[in-house]
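Trainee: The structure's right below; bear with me while I get my questions together.
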Amino acid sequence: MMQSYKEKISNMASVAKEHITICKARAQEKAEKAMARTKEEKEIAKERRKAKEAQAKMQLHAEKAEHAARKLNAKHSHLHTTHTHQGYNQPAAGATAPMYPQPQPVVGATTAPTYPPSTHPPPEAKYF
């Protein structure tokens, strides 16, 4: 979610840079046209402006693609990380046995203790 906002803000900054570049190109075109003496020089100034505008738009699209790729990489980097936690029953690094040995089940033993003897049915049989 945060990456989406970051991408949007980066895109807005890129659009602002594009607009500034286009405004500079237009101002430079006006200055060149004012200094131009022939119709061909005025046409050259117009073509330069168009080239600068096209370059600014190309730069905008390249930056947007970079922002989208950065967002995608951030999303995928979170998916591929493994979170391992050292719990009580996991061996420490380099150890061969767990920190606290687990009791092994005995074949034929009952699962619930029978002490103290009760006359009441077990709780799980109460609702069946």
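The values are calculated or read from the model by the stated rules, or taken from the named source; none is laboratory data. Source: prediction; values computed, not measured. Side chains included, ligands, DNA and RNA excluded: accessible areas come from the protein's heavy atoms. Shrake-Rupley method; radii C 1.70, N 1.55, O 1.52, S 1.80 Å.
Trainee: Residue 22 accessible area, nearest 10 Å², 1.4 Å probe?
Mentor: The accessible area of residue 22 comes to roughly 20 Å².
Trainee: Could I ask something else about it? In square angstrom, rounded to the nearest 10, how much accessible surface does residue 70 have for a 1.4 Å probe?
Mentor: Spelled out: residue 70, probe radius 1.4 Å, area about 110 Å².
Trainee: Still on this structure, please answer the following. Rounded if a/c is under 1.5, else prolate if a/b is larger than b/c, else oblate: which is the stretch 1-53, with a ≥ b ≥ c the root eigenvalues of its Cα gyration tensor?
Mentor: It comes out prolate by the Cα gyration axes.
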